[in-house]
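First the structure, in the form of structure tokens, and then the observations on it.
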Amino acid sequence: MEAELLIQEFKRHGIGPYIEVPCSLLAPLISGLLNDPSCEVVNPVNEAVAMGIAAGAYMATRRIPMVLVQNSGFCNTLNCLTSLNQIYHIPAVYLISWRGEPGTKDAPEHEVMGSRLERILEVFDVYYRILTESGYKDEIAAVINLAKDRRSPAALLLPKGLLSSAPAVSPDSPFALTKGMAVDIILNACGRKACLVTTNGLISREVFNRLSEKHLEEEHAPFYMLGSMGHALSVALGIGKGLEDNRRVVVIDGDGGCLMHLGSMASAAGAGGSKLIHVVLDNGCYASTGGQPTVSCGVDFCKVALGCGYKSSQRIDSANALREAFPVVLKQPGPVLVHVLINRVEGKGRCRISDQYSCSQIRDRFMKQLQNHSGW
Ligand SMILES: Cc1ncc(C[n+]2csc(CCOP(=O)(O)OP(=O)(O)O)c2C)c(N)n1
């Protein structure tokens, strides 16, 4: 069905603002909302922040806000749900994309949450309805009316395949560097001198594909994160603290992933992450879920890093500058931030890591590399 039909229904019920953290299943709906000047769309850095904004918006406007999240991100909202909305009786309508729904084929990071989503909603006493093409008007009305009457959050679940796909987002960007080129330069400079942690989505996939093409994948065996968006830096910090040798830990993050838990930069510096090289590949969007904008254009990551206590930071927007800088950066004391401005062009035909390795295999291959070097 067309996302527009859902949007018309939300408007009829006076819903707003729409506070969204994207998922590829939500992409058609989010692009419809962004293209509709009568819909106010807010772009928070994570799902918990979305809940805070929604609660404030309700108190100021008395309208029911909508929080659009992936089911993985729904769990990020549980603290707000239980210790904000449910104790102050502040309503909201969640629109939750249902990744990993039993009986559908999906990526491994969605398996646990996908199979437990309904039970989790029941445990947290969140009334929900599953959206269908034939019954969506009633389902939307039931959820919104309950949120209003009980003054509590209630949820609409969006199953895979319900919405027709969204038009592609234009890859316009002033920068010449592609994600693939930046990854290539970083991998060449690192060689065996560093271990790699890569953030979820297309960045992990790009690293995997580039290494595989050069038959270097076995040798590097990075820790590819498939889920837990925003936590690559923390994982890398733990690794760096545990390593006894002088290898660097290079974490390849995205602007969306970095912003999602920006506070971990303060932890990285505060905990003395001297081996950390934190690369942020900034394309200004969530490319992995359809190119929705992040708020990175207003963020000076270099200043944030220095403000958090990183030892140094630099902003790079060309292949030559990255080629020159990275070997030097690898010798500097960390944490170091390298903010790389890239365009939105993605490599074609990138295969999924999970088609080749299970999560346990990713972990084991990575740990084998670290063997005999750790001692927390
Ligand atoms: C908690 C959570 N919320 C949302 C998602 C959906 N998601 C997967 S990848 C991604 C975008 C990552 O953006 P960025 O780090 O900027 O990298 P890019 O996709 O641009 O390469 C999103 C939103 C998720 N996996 N987890």
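The values are calculated or read from the model by the stated rules, or taken from the named source; none is laboratory data. Here the structure is a predicted model, which means the values were calculated and not measured. Every residue, glycine among them, receives a Cβ derived from its backbone with ideal geometry; neighbour counts consider all protein chains shown.
Sort out for me the strands (runs of 3 or more DSSP E) sitting completely within the stretch 28-135 that have 3 or more residues that are within 14 Å of S152 (Cα to Cα).
Fully inside the stretch 28-135 and qualifying: 92-98.
I'd like to verify a number: residues in the stretch 1-27 that are within 15 Å of the ligand (Cβ to nearest atom) and out of contact with any strand residue (DSSP E or B) (no Cβ under 6 Å at 6 or more places or on another chain), how many?
2
Tally up the residues in the stretch 139-167 that are modelled with pLDDT of 95 or more, among the aliphatic types (A, V, I, L, M) and outside any strand (DSSP E or B), please.
9
Go through (1) within 16 Å of the ligand (Cβ to nearest atom); (2) at positive phi and name the single condition G349 misses.
The number of the failed condition is (1).
Would you check which residues across the stretch 226-243 are over 15 Å from H278 (Cα atoms) and modelled with pLDDT of 95 or more and list them?
L226, G227, S228, M229, listed by residue number.
Sort out which residues of the stretch 192-213 are away from the ligand (no atom under 16 Å from the Cβ) and not in a loop (DSSP other than H, G, I, E, B), and write them in order of number.
Selection gives A194, C195, L211, S212, E213.
Name the single residue that is nearest to V250 (Cα to Cα) among those in the stretch 168-191 being among the polar types (S, T, N, Q) and either in contact with a Lys or Arg (Cβ under 6 Å, 6 or more places away or on another chain) or part of a helix (DSSP H, G or I) (or both).
N188
Taking the condition touching a Ser or Thr at 6+ places or on another chain (Cβ under 9 Å), of a type in the set (S, T, N, Q) and either within 11 Å of the ligand (Cβ to nearest atom) or in contact (Cβ under 8 Å) with a residue 24 or more places away in the chain (or both), does S313 pass?
no
If we only count helices (runs of 4 or more DSSP H) wholly inside the stretch 215-293, which ones have 3 or more residues that are small (G, A, S), outside the structural domain of V21 (by TED's automatic domain parsing) and within 16 Å of the ligand (Cβ to nearest atom)?
Hits in the stretch 215-293: 232-242.
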